[in-house]
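What follows is one structure encoded as structure tokens, with my remarks underneath.
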Amino acid sequence: MELYNIDARDIDHVLINEEEIAVCVDAIAKQIDKDVEALGGELLLVCVLKGSLIFTSDLARKIKTPLKIDFIKASSYGSGTVSGGNLKISLDVGSHDWDKKFVVIVEDIIDSGNTLSKLIKYFKDKGATRVKTCTLLDKPERREVDLAPDYCGRSIPNEFVVGYGLDVDESYRELPFVGVLKPEVIKKYIG
Ligand code: PRP
């Protein structure tokens with residue numbers, strides 16, 4: 001049974017439904033289990049707030065390896081290159097024995113790639129030797145830096161997606177699917 005009235009929630013169409021998301025999460029969890037076993041280290045999922053909150057909590061429950069979860073709120077600004085621009089951290093992770101960790105940075109979506117590429121450097125600078133990147137969604141068309149995620153649910157076209165953590169103006173994060181907003185709604189938000 002559909003719990004949500006798609007039309008009333010401003011959704012033009014569902015891009016990835018709940019079942020499809022669950023398949024992606026399952027596959028990524030299995031891959032992470034395999035890699036931790038092969039490469040060693042204590043698994044630490046770093047949830048990049050706020051968008052990856054829901055993805056991280058689903059993923060954590062599917063991974064069989066014992067793990068810890070930490071949170072970071074970061075955004076990149078300035079130049080679009082890896083060397084240029086800055087990473088603004090408004091909530092930081094706690095202290096960890098970084099050299100012992102198998103760090104998986106968990107994102108909901110990669111767009112330009114600026115945030116994630118800077119986060120990789122951020123954790124490597126802390127002393128982490130095993131740093132992996134994970135995203136539910138990837139928009140390769142939008143990439144500004146050379147970055148390919150280690151774990152990826154779906155590559156998607158450059159569409160305005162919301163749900164499963166993704167927002168517009170803090171709305172729609174709670175939708176259990178990834179959907180594309182109606183054109184008139186997009187217009188309302190971005191003109
Ligand atoms: C989104 C997303 C990534 C980043 C991706 O976060 O969750 O962190 O943007 O964009 P990039 O690849 O161009 O760097 P956002 O800043 O919208 O914050 P939110 O997760 O709190 O919604």
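Is at least one residue of the stretch 87-96 within 15 Å of the ligand (Cβ to nearest atom) and at pLDDT below 95? Yes: the stretch 87-96 contains one or more residues that are within 15 Å of the ligand (Cβ to nearest atom) and at pLDDT below 95.
Of the residues making up the stretch 43-62, those that are away from the ligand (no atom under 16 Å from the Cβ) and without any contact (Cβ under 8 Å) to a residue 24 or more places away in the chain number 2.
Out of the stretch 130-160, which residues are within 14 Å of the ligand (Cβ to nearest atom) and either basic (Lys, Arg) or at positive phi (or both)? Spell out the reasoning first.
Initial filter on the stretch 130-160 (within 14 Å of the ligand (Cβ to nearest atom)): 133-149, 152-153, 155-156, 158, 160.
Result: Lys139, Arg142, Arg143.
On the stretch given as the stretch 63-86, residues that are within 11 Å of the ligand (Cβ to nearest atom), more than 15 Å from Lys126 (Cβ to Cβ) and either among the aliphatic types (A, V, I, L, M) or modelled with pLDDT under 95 (or both) total 5.
So, in the stretch 31-42, of the ones that are out of contact with any Phe, Trp or Tyr (no Cβ under 8 Å at 6 or more places or on another chain) and touching a residue at least 12 places away in the same chain (Cβ under 8 Å), which residue ends up farthest from Phe55 (Cα to Cα)?
That would be Glu37.
Among the residues of the stretch 171-191, the ones that are free of Cβ contacts under 8 Å to residues at least 24 places away in the same chain and within 12 Å of the ligand (Cβ to nearest atom) come to 1 in all. Is there any pair linking a residue in the stretch 5-28 that is at positive phi to one that is surrounded by 15 or more Cβ atoms within 10 Å (Cβ to Cβ), with Cβ under 8 Å and at least six apart or on different chains, and which? Every condition considered, the pairs that remain are Asp10/Tyr172; Asp10/Leu181; Asp10/Lys182; Asp10/Val185.
With respect to Lys50, determine if the residue is closer than 24 Å to Ser75 by Cα and among the charged types (D, E, K, R). So that I can check it myself, show each step before the final result.
Values: closer than 24 Å to Ser75 by Cα: yes; among the charged types (D, E, K, R): yes.
Answer is yes for this residue.
Residues are listed down the side, and each one gets a yes or a no for (1) basic (Lys, Arg); (2) out of contact with any strand residue (DSSP E or B) (no Cβ under 9 Å at 6 or more places or on another chain); (3) outside any helix (DSSP H, G or I); (4) closer than 23 Å to Ala148 by Cβ:
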{"residue": "Ala22", "(1), (2), (3), (4)": "no, yes, no, no"}
{"residue": "Ala38", "(1), (2), (3), (4)": "no, yes, no, yes"}
{"residue": "Ile89", "(1), (2), (3), (4)": "no, no, yes, no"}
{"residue": "Ile109", "(1), (2), (3), (4)": "no, no, yes, yes"}
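Residues of the stretch 98-129 being of a type in the set (Lys, Arg) and either within 16 Å of the ligand (Cβ to nearest atom) or surrounded by 21 or more Cβ atoms within 10 Å (Cβ to Cβ) (or both), which ones? Reasoning before the result, please.
Of all residues in the stretch 98-129, those of a type in the set (Lys, Arg) come to 100-101, 118, 121, 124, 126.
Result: Lys101, Lys118, Lys121.
The values are calculated or read from the model by the stated rules, or taken from the named source; none is laboratory data. This is a predicted model, so every value here is computed, not measured. When we count neighbours, we look across all protein chains shown, and the Cβ atoms used for this are built from the backbone with ideal geometry, even at glycine.
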